[in-house]
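Enquirer: Got a structure for you, written out below as structure tokens; questions coming shortly.
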Amino acid sequence: MKIYHHIDEFTPLANAVVTIGTFDGVHLGHRKIISGIKELAESTGGETVLLTFFPHPRMILHPEDESIKLINTMGEKAELLEELGIDHLIITPFSRDFSNQTAEAYIRDVLVNKIGTKKIVIGYDHRFGKDRQGGLEDLLRLGPVYGFDVVEIPEQDINDVAVSSTRVRSALLSGEIAMANNFLGYAFFITGAVVRGDQLGRKIGYPTANIVIQETYKLIPSGGIFAAKVKIAGVLYNGMAYIGTRPTINGLKRNIEVNIFDFDQEIYNQKIRLEFHHFIRGDVKFNSLEELTAQIAKDKIDVAEVLATES
């Protein structure tokens, strides 16, 4: 997959099969759409183009709203789309100027002149252009003028996408990892760099890799202990992840850390992928480090049992 970080980097194609959207989560609903454009491209000798935006439009149009949390970072989304076989990913910087284009200017200048769109796959509710005035009806009207066909995504499929995104976010925030993963079609994951912590885990016999995520908009699941898998340099390890403030030692800052099973390497500053497979228990304040250590020993047994069923 080729990635372009601005529409101006893209050379128009002879036969571009295009879809547009945020595709946050790249979940099962999105995958149905992606499968559709791939089949269309294969049947017409075209190439698939997915046009997305960053930052998320809401971040630009409503900067005061800090509640916006996304299932994927842009890097994670690109990784998932590449796995699905998209040919071209265009990440267009979203700005107020971009949003103020008229519908026809957007269609003519972006979709036709910049991309070379011959077929566009779009939902009935997709809006674009100044004040979101553009939509499916404009594409249908201007398709014959500019030489492209419009394929409408069925309303039920669009509703499935909206419902799935909402349910994934809700499930993650309430600790229902298995439910979120069912909607996603893969194990929810985060990617981040390993940094040095205060070594508490090492002191009590359960050393952890502390992970820092730079993207503040990334959605983080509710606190607790999770059965996890960790990808390091292409190798997947089982592990026990923790999200929380470590209330037993009166911690204030939320930590994301993972005890990696059968692993003893220095990985500071390395970027790793932490997959969440099952929720084990919520975050609890214990009366002592001894109580905490005893509970972690039980948690590790539970995690190992859960992950063994997936082997």
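The values are calculated or read from the model by the stated rules, or taken from the named source; none is laboratory data. Note that this is a predicted model, so its numbers are computed, not measured. Here the Cβ positions follow ideal geometry from the backbone for every residue, glycine too, while neighbour counts run over all protein chains shown. Accessible surface areas use protein heavy atoms only, side chains included; no ligands, DNA or RNA. Shrake-Rupley method; radii C 1.70, N 1.55, O 1.52, S 1.80 Å.
Enquirer: Quick one: how many residues across segment 165-199 are touching a helix residue (DSSP H, G or I) at 6+ places or on another chain (Cβ under 7 Å) and more than 17 Å from P221 (Cβ to Cβ)?
Expert: So the answer is 1.
Enquirer: Please go through segment 274-299 and give me each residue that is under 19 Å from R202 (Cβ atoms) and crowded, with 18+ Cβ neighbours inside 10 Å, ordered by number.
Expert: L274, L292, I296, D299
Enquirer: Turning to a different aspect of this structure: For segment 76-83, indicate whether the set of residues that are in contact with an Asp or Glu (Cβ under 8 Å, 6 or more places away or on another chain) and in contact (Cβ under 8 Å) with a residue 40 or more places away in the chain is non-empty.
Expert: Yes.
Enquirer: I'd like the full set of residues that are within 32 Å of the chain's Cα centre (by Cα) and not in a helix (DSSP H, G or I), limited to segment 283-309.
Expert: D283, V284, K285, T309
Enquirer: Kindly establish whether E257 is on the phi < 0 side of the Ramachandran plot, in contact (Cβ under 8 Å) with a residue 40 or more places away in the chain and of a type outside the set (G, A, S).
Expert: yes
Enquirer: Count, please, the residues in segment 186-222 that happen to be of a type outside the set (S, T, N, Q), closer than 14 Å to Y242 by Cβ and touching a Gly at 6+ places or on another chain (Cβ under 7 Å).
Expert: Residues that pass the stated criteria total 3.
Enquirer: Name the residues in segment 247-273 that are crowded, with 16+ Cβ neighbours inside 10 Å and not in a strand (DSSP E or B), would you?
Expert: Answer for segment 247-273, where residues must be crowded, with 16+ Cβ neighbours inside 10 Å and not in a strand (DSSP E or B): T248, F261, F263.
Enquirer: Right, here's the next one. From the set of residues in segment 195-216 that are among the hydroxyl-bearing types (S, T, Y) and closer than 28 Å to N72 by Cα, which is farthest from the chain's Cα centre (by Cα)?
Expert: It comes out as T208.
Enquirer: May I ask you to list the residues in segment 119-148 that are farther than 10 Å from A103 by Cα and open to solvent by 80 Å² or more (accessible area, probe 1.4 Å)?
Expert: Y124, E137, L140, R141, P144, V145, listed by residue number.
Enquirer: While we're here: Looking at segment 193-246, which of the residues that are assigned to a strand (DSSP E or B) and among the hydroxyl-bearing types (S, T, Y) is most open to solvent (accessible area, probe 1.4 Å)?
Expert: Checked segment 193-246; the qualifying residue most open to solvent (accessible area, probe 1.4 Å) is Y237.
Enquirer: Would you mind stating whether D160 is buried (at least 18 other Cβ atoms within 10 Å of the Cβ), of a type in the set (D, E) and at pLDDT 90 or above?
Expert: no
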